[in-house]
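**Student:** Have a look at this one before I ask anything.
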Amino acid sequence: MTLDKRNTTEPVHPVDEVLPLWELAIYGFQHVLTFYAAAVIVPILLASALGLSHEMLEHLIEADLFTCGIASFIQAVGIGKIGVRLPLLQGVTFVAVMPMIAIGVSAGGGIEGLRQIFGSVIVAGIFSYIVAPYFSRLIRFFPPVVTGSVILVIGLALLPVAANDIVAGHGTNAMQNPVELRNVAYGLGTLFFILAIQKFCRGFLGTIAVLIGLVCMTLVAWVLGDAHFADVGAAPLLTISKPFYFGMPTFHVVPILSLIIVMIISMLETTGDVFATGAIVKKPIGSADIAAAIRADGLATFIGGVFNSFPYTCFAENVGLVRLTQVKSRWVVASAAIIMMVLGCIPKLAAIMASVPLPVLGGAALAMFAAVAVVGIQTLAQVDFDNQNNMIIVGTSIGLGMLATAQPHIADNFPSWAQIIFGSGITLGSMAAMSLHLVFNHFMPANKHGVVIGDQPSKTIPAEGMEAALSHEETVRKG
């Protein structure tokens, strides 16, 4: 009797699926196009504050793109225990902008300011890499009531960035007035293209809806004279990012400590992004995944300091793109990483990318950031809101996140160390969610009537049953 040997190979998870090369290239380009504006804004802000020349700014942008590619490749592909191996792009964290400006200005600006910044970045990257496994142990304090709140705050706090792009605002902290209807038309037109393609197209076309919307509205803007490609001809053909281009970095205690604080906050944001991506791609997230993601952040930040760039973290912007397109392969992000490294070496290509009008990018960003918020809502659907504690945690964390988002100048009157926290709605809301969960669901003192357990529904437990209650709480935390 012969046995019928069948193929028993387990199906490949969508995250690990290797798509055809042409699909990887197109999907990767879509990621890069939606990511580009946010990727280069930090060097622009820093160069303006430190009084750098246009030539220096160009090198910072090229170094940033090149290192973004390295960082994204490490995070998506992974090296041993480094990299979470999810479709997550890496970019310079906005939390670091004000501390880096403060460091550079206090050093006198210019090249000397950059050297102090890069030295602090290198040490902060090493610190992040070392503490990654210890920080990851905090995952038991991230039940759905925390992760859902953090993801929702991330999505909501990013929406004003998209709105600012749509109206071609001069700064995220400034209210644009008057608003040109032409810019709004470009933004809403991009959103309309994306929605129409998602509604009427299936298969491959549906998955590149964002890319089609961006290209179509850029062509419309070009025909109407609002998209310009003059800078493409002036850009050099080839450049190579050199380590320590501005000279050897310098190391000072206070700047280093300020960027270490930045990296601690960045770890919290990275944790939220990893949980959000895990929920989208249907892959459970454990402490080992968080440790791997933060190690990648630390290594990328160290490399950034060497190659004249800045602290890196997972970018929530592209989490929304994964949610919209449902293209879950991490190899798409790997292809996007290669494209970014090429852009960092070929300024003419980078100049073409930079020619996409800001309102067009804003229209696409509006759809993506809203998709991130929806993931947060889906996560919060798992929370028992009959427990009043959970209502307090979610409501307060969202409220504080929106406070710092709607009124960003609220941070101006705080000490410099506190401005890092109160200057970002994402940071303030995320820290509030975790802290309130600890206070309300872990450290609530028992009274003579009973005790509240974990983030489960409120239960009254007699005093004589306290030991059993605490035993149950420990089981809930471990489970």
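**Student:** Express in whole angstrom the spacing between the alpha-carbon centres of the stretch 236-294 and the stretch 325-353.
**Tutor:** Here the answer is 19 Å between Cα centres.
**Student:** What Kirkwood Rh does the stretch 251-360 have if only Cα atoms enter the pairwise 1/r average? Answer in Å.
**Tutor:** 16.1
**Student:** Taking only protein heavy atoms into account and a 1.4 Å probe, give the accessible area per residue of the stretch 90-235 in Å².
**Tutor:** I get 46 Å² per residue for the stretch 90-235.
**Student:** Return the sequence-ordered ³J(HN,Hα) values of the stretch 48-62 in whole Hz as given by the Karplus equation 6.51 cos²θ - 1.76 cosθ + 1.60 applied to θ = phi - 60°, using x for Gly and Pro.
**Tutor:** In residue order, the calculated couplings are 5, 5, 9, x, 7, 6, 4, 5, 5, 4, 4, 5, 4, 5, 4 Hz.
**Student:** Residue farthest toward the positive end of the dipole of the chain, with Cβ of Lys/Arg at +1 and Asp/Glu at -1: which of GLN326, THR427, PHE443?
**Tutor:** GLN326
**Student:** Hey, another quick one. Over the stretch 42-136, what percent of the accessible surface lies on carbon and sulfur atoms, probe 1.4 Å? Mind showing how you got there, number by number?
**Tutor:** Values: 2150 of 3120 Å².
So the carbon and sulfur contribution to the accessible surface is 69 percent.
**Student:** Per-residue HN-Hα couplings for the stretch 335-340, Karplus 6.51 cos²θ - 1.76 cosθ + 1.60 at θ = phi - 60°, whole Hz, x for Gly and Pro?
**Tutor:** Values, residue by residue: 5, 4, 4, 5, 4, 5 Hz.
**Student:** Continuing with this model, one more query. Quick check for me: using +1 on Lys/Arg Cβ and -1 on Asp/Glu Cβ, what's the dipole size of the stretch 71-180 about its Cα centre, in debye to the nearest 20?
**Tutor:** The dipole of the stretch 71-180 has a size of about 600 debye.
**Student:** On average, how much accessible surface per residue is there in the stretch 317-424, in Å², for a 1.4 Å probe, leaving out ligands, DNA and RNA?
**Tutor:** Per residue, the stretch 317-424 has an accessible area of 38 Å².
**Student:** Follow-up question, since we're still on this one. Calculated from DSSP H runs of 4 or more alone, at -39500 (n - 2.57) each and per residue, what is the 222 nm mean residue ellipticity of the chain, nearest 500?
**Tutor:** That calculation yields -22500 deg cm²/dmol at 222 nm.
**Student:** Follow-up. Out of the total accessible area of the stretch 397-436 (probe 1.4 Å, heavy atoms of protein only), what percent is carbon and sulfur?
**Tutor:** Result for the stretch 397-436: 68 percent of the exposed heavy-atom area is carbon or sulfur.
**Student:** Can you pull the percent of the stretch 201-241's accessible area that's carbon plus sulfur, 1.4 Å probe, other chains left in place?
**Tutor:** 74
**Student:** Helix 209-223 sits at what angle to the longest principal axis of the chain, using alpha carbons and giving 0 to 90 degrees rounded to 10?
**Tutor:** With rounding to tens, the tilt is 30 degrees.
**Student:** Another question, then. I'd like the accessible area for ARG140, computed on protein heavy atoms only with a 1.4 Å probe and all protein chains in place. Round to 10 Å², please.
**Tutor:** 110
The values are calculated or read from the model by the stated rules, or taken from the named source; none is laboratory data. What you see is a predicted model, and the numbers here were worked out from it, not measured in a lab. Neighbour counts are summed over all protein chains in view; Cβ atoms, including those assigned to glycine, are modelled from backbone coordinates with ideal geometry. Quick note on the areas: whole protein, heavy atoms, side chains included, nothing else; ligands and nucleic acids left out. Shrake-Rupley method; radii C 1.70, N 1.55, O 1.52, S 1.80 Å.
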